[in-house]
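Some notes on the structure that comes next.
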Amino acid sequence: MSKLNLSRLTTLALGMALALGTAALPARAEEEATPQRLSWSFWGPFGSYDQAQLQRGFKVYREVCSACHSLHRVAFRNLSDPGGPAFTEGQVKALAAEYDVPGEPDDKGEVNPRKGRPADYFPLVFANDNAARAANNGAIPPDMSLLAKARGESPGFPGFIFDIFRQYQEGGPDYIHALITNGYLDEAKGEKPPEGVKVPDGAHYNKIFPAPHFIAMAKPISDGQVEYTDGTPQTVDQYTRDVAAFLMWAAEPKLEERKRTGFKVILFLVVLSGLLYFTKKRVWSAVGAH
């Protein structure tokens, strides 16, 4: 085939692609809503938890979230650990005593409840999955112990590479905040699900929740629902920031210790690299002279 004919065919093919491209390609799906990246006290290599925020977040969890969601991998004593909410031992002991936990089997093998102790873990909200489904319209509320590390969004390539260098690890808290504050439709403003989307009975449309965006949980909190005594604004935005920070601590309670250790390791490696470099120059300088 001559170069002239090949050129004509190529031109014809390009023309057909341009003419039919918009019709041949599938319709572009509605863009997914992504969580806004917020500023957190624990951001970056030297970030740390805000103890006052963790205490407020725990208050929100107890008064709102704990009605459905367990915190079963967190022990009461963890609330007084360094780098956490910094409750006193007396506060932890009093808090644990407010919960009933399974006791040791008696002589007949029956397990009777007893008052909680600091060494106990937060008890399950529901005895089993069937009980959870029966109380929540067929849905099982997830345990919140690791929720802040299990949730999040991926920026894709090359975004995740930049996240590695900026040490972005706040995807879970950002997701939790966005899910509650921006995800639900505001019926007062006339917001409705996209055209053609039918929300199943007992479900709610949430723009942040993964497609098809149907979530069993109704919007759990509203302004003024939880009372703060430190003057912090009692808004949904603040509530969700506080509880998201608390859940981040619950999922990674040793974050501050890990960052301190990491900094020491990096500093050691830098010093070691310098010593090795000058040692090499000194050892091989005599060889180079010959």
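Read-outs: derived from the displayed coordinates by stated rules, not from any lab. It should be emphasised that the depicted structure is a prediction, and the values quoted were computed from it without experimental measurement. As a convention, Cβ positions derive from the backbone with ideal geometry for all residues, glycine included, and neighbour counts pool all protein chains shown.
Below 8 Å, C-alpha to C-alpha, sequence gap of six or more: please give me the relative contact order for region 152-262 in percent.
Across region 152-262, relative contact order equals 23 percent.
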Positive-pole candidate from Y277, N137, V226, dipole of the chain, charges at beta carbon: Y277
Taking the square root of 5λ for each eigenvalue of the C-alpha gyration tensor of region 144-290, the equivalent ellipsoid has semi-axes, largest first and in whole angstrom, of 50, 21, 11
Quick one: the Cα spread of region 91-217 along its three principal axes, in angstroms, biggest first? 61, 44, 26
Once you have the alpha carbon radius of gyration of region 109-173, what is it after dividing by 2.2 N^0.38 Å, with N set to its residue count? 1.76
Which three extents, in angstrom, do the Cα atoms of region 57-97 have along their principal axes, listed largest first? 26, 22, 17
What value, in deg cm²/dmol to 500, does the helix sum -39500 (n - 2.57) over DSSP H runs of n ≥ 4 give at 222 nm once divided by the residues of the chain? -13500 deg cm²/dmol
Provide the per-residue ³J(HN,Hα) series for region 80-85, in order, calculated from phi with Karplus coefficients 6.51, -1.76, 1.60 and θ = phi - 60°, each as a whole number of Hz, with x at glycine and proline positions. 10, 5, x, x, x, x
Counting only residues 5 or more apart in sequence or on a different chain, those whose built amide H sits under 5 Å from that of Y184 are K207
Taking only Cα atoms and a 10 Å spring cutoff, compute GNM fluctuations for the chain and point out the largest among K259, K149, K115. K115
Could you give each residue of region 171-184 its phi-based ³J(HN,Hα) in whole Hz, using Karplus coefficients 6.51, -1.76, 1.60 with θ = phi - 60°, and x for Gly or Pro? x, x, x, 4, 5, 4, 4, 5, 4, 8, 7, 10, x, 6
Name the residue, out of F214, F165, F76, whose mean-square fluctuation peaks in a Gaussian network model built on the chain with Cα pairs under 10 Å. F165
Over all directions, average the projected area of the Cα convex hull of region 95-141 and note it in nm². 4.2
Relative contact order (%) - the chain, alpha-carbon pairs under 8 angstrom, separation at least six: 23
So, in nm, how far is label D107 from label A94 when the simple model puts each one 7 Å beyond its Cα toward the Cβ? 3.8
Computed label-point distance, nm, for sites E227 and A131 using a 7 Å Cα→Cβ extension: 3.1
Share of Cα-Cα pairs in region 219-290 beyond 20 Å, in percent? 63
List the pair-distance distribution P(r) of the chain, using every Cα-Cα distance, as the percent of pairs falling in each 5 Å bin from 0 up to the bin containing the longest distance, rounded to whole percents. 1, 4, 8, 11, 12, 12, 10, 8, 6, 5, 5, 4, 4, 3, 2, 1, 1, 0, 0, 0
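On a 20 Å Cα-Cα criterion, which of the cross-link pairs K93/K259; K59/K219; K149/K192; K93/K115; K59/K259 come out too long?
Over 20 Å Cα-Cα: K93/K259; K149/K192; K59/K259.
Subtract the Cα-Cα distance of A211 and A139 from 0.36 nm times their separation in residues, and report this length gain in nm to one decimal.
Numbers: separation 72, 0.36 × 72 = 25.92 nm, distance 1.67 nm.
Between A211 and A139, full extension yields 24.2 nm more.
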